[in-house]
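A short worksheet on the structure shown next.
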Amino acid sequence: MILEDLFLSLGQRLEKFFPQLERELRNARMDDKPSQYLATCIKRALKLGVPSSSSLIAAGIITEVTTTTRIGIVSLPLLTFMGFLTFAKLPKIRTNKRTRKLEKDLPYALRDMLIEIKSGIPLYSAMKTVTDGYGEASKEFELIVKDVDGGKSMVKAIESSIVRNPSEQYR
């Protein structure tokens, strides 16, 4: 419990160094608060750095090779810091991956919707038909349909979808 509070406190202090993290977490569809996510990043980084450097230190002591021991000592802060930065950038990486998938599937879903709309089917029904079979695009259209079913107007649901997605092509 004390460690959890310490990590959360560190996460809150580090938040100012990652001003875009809240938006990146939202775009990656991760429900964590920035301070909680950074606390998790610290824990993961320590889980990466401590065992790795401890192994090097132990190997150096066992084999009596001082260079390996020194590398193990130096690698602790280095591996921990690099691991933290990697984990902190994970939401952006996930968002970019999701954006690529969305942009790959979007033209096909839109073409299907266009054909349906031209044949006289209402926009809502056309959106409902593309909620399956078009990967990330289907997931996004499914969220729009759920918003509309939940009482949002079609315009508000589409605007919410635009805000949720970092893809320029989607906007």
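Things to note:
- Candidate set from the range 110-155 (those that are surrounded by 13 or more Cβ atoms within 10 Å (Cβ to Cβ) and of a type in the set (Lys, Arg)); member that is nearest to residue 28 (Cα to Cα): 139
- Figure legend. Inter-residue proximity from the range 86-100: first residues over 15 Å from residue 34 (Cβ atoms), second residues polar (S, T, N, Q), beta-carbon distance below 6 Å, spacing 6+ or different chains. Indicated pairs: 99/167.
- Meets criteria (modelled with pLDDT under 90 and polar (S, T, N, Q)) for residue 36: no
- For the range 113-171, the tally of residues that are under 20 Å from the mean Cα position of the chain (by Cα) and of a type outside the set (Asp, Glu) stands at 17.
- Enumeration of residues in the range 88-109 that are open to solvent by 50 Å² or more (accessible area, probe 1.4 Å) and either on the phi > 0 side of the Ramachandran plot or under 15 Å from the mean Cα position of the chain (by Cα) (or both): 89, 92, 93, 94, 96, 97, 100, 101
The values are calculated or read from the model by the stated rules, or taken from the named source; none is laboratory data. None of the values given here were measured: they were computed from a predicted structure. With ideal geometry, Cβ positions are generated from the backbone for all residues, glycine too; neighbour counts draw on all protein chains shown. Areas reflect the complete protein model, heavy atoms only, side chains present, ligands, DNA and RNA absent. Shrake-Rupley method; radii C 1.70, N 1.55, O 1.52, S 1.80 Å.
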